[in-house]
1. ³J(HN,Hα) across segment 76-91 via Karplus (A = 6.51, B = -1.76, C = 1.60, θ = phi - 60°), whole Hz, x for Gly/Pro?
2. Under the rule that an exposed site lies in a DSSP loop and has at most 15 other Cβ atoms within 10 Å, name the longest stretch of the chain with no trypsin sites (Lys or Arg not before Pro) of that kind, not counting the sites themselves.
3. Expressed as a rounded percentage, what relative contact order does segment 128-214 have, with Cα pairs under 8 Å and six or more residues apart?
4. Neighbour counts of other C-beta atoms within 10 Å: give me Tyr142, Tyr106, Tyr18 arranged from fewest to most.
5. Considering only Ala69, Val152, Ala44, whose Cα is most displaced toward the positive end of the charge dipole of the chain, charges sitting on Cβ of Lys, Arg (+1) and Asp, Glu (-1)?
6. Label Asp169 and Val187 with points 7 Å out from Cα along Cα→Cβ: what is the distance between them in nm?
7. Springs between alpha-carbon pairs under 10 angstrom, Gaussian network model over the chain: which of Ala140, Ala203, Ala170 fluctuates most?
8. Label points 7 Å out from Cα along the Cβ direction at Ala200 and Leu112: separation in nm?
Amino acid sequence: MTPAVEQLSLGAIGTNCYIVRRDESANAAAVIDPGADAGRIRLALDRAGASCAAILLTHSHYDHIGALADLADATGAPVWLPEGELDVFRRPNDFFGGLGVSIRGYQGESTLLAGGETVEAAGISFQVTAVPGHSPGHLAYYAEGQLFSGDVLFAGSVGRTDLPFGDWDALLDSIRALSDAYPLDTVIYPGHGPATTLGAELARNPFLEELRAS
């Protein structure tokens, strides 16, 4: 059964947060990338008649983690994080303070992921894939034909690699790994912008010419 997905666009630069349930009638949800406004996320959960059963993070950039601490405190939900970026989750202002943002670090318990795991959350099995390039510990989560790609792959674009610890070659390798692992009709739910499919991006994304030529 394909999970039910609600997309929220949050924060100053419209970062996608996803509320994912096993189906439309499920009363438990996984929240992926609570980037800002924990109150709005909780209202969306209330409207869906669902509790927050898990919080999953793709990576630690400020626009994806701004509501993590508040949402975790309010719901008591377990948290899964990329293990390679734990310091950023703990001390985000040490890394992003120069951008004029102030984020409450997450000091609570978490399960650290490196890729290759399967996470059982809200009655859904998420396959975890390591997809570095945009950030060194970046993860993507796959469940029943849906891939939550964070800032690795977008409709018509890819994640930036001009940020600290970005790596263009690693990003291309990550997208190649996704293409090897998942069907072309996989729906991509990215960190910004509209949903797309893996096949559409492999066929037409202008940033993937090098991948198509290899």
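1. Couplings: x, 6, x, 10, 10, 10, x, 5, x, 10, 4, 4, 5, 4, 6, 10 Hz.
2. It works out to 1-103.
3. 30 percent
4. The order, fewest Cβ neighbours first, is Tyr142, Tyr18, Tyr106.
5. Farthest along the dipole direction, towards plus: Ala44.
6. About 3.7 nm, to one decimal.
7. Most flexible of the set in this elastic network: Ala203.
8. About 3.8 nm, to one decimal.
Just so you know, all these numbers are worked out from the coordinates, no wet-lab data involved. All values derive from a computational prediction rather than experimental measurement. Every residue, glycine as well, gets a Cβ built from its backbone with ideal geometry; the counts of neighbours run over all protein chains shown.
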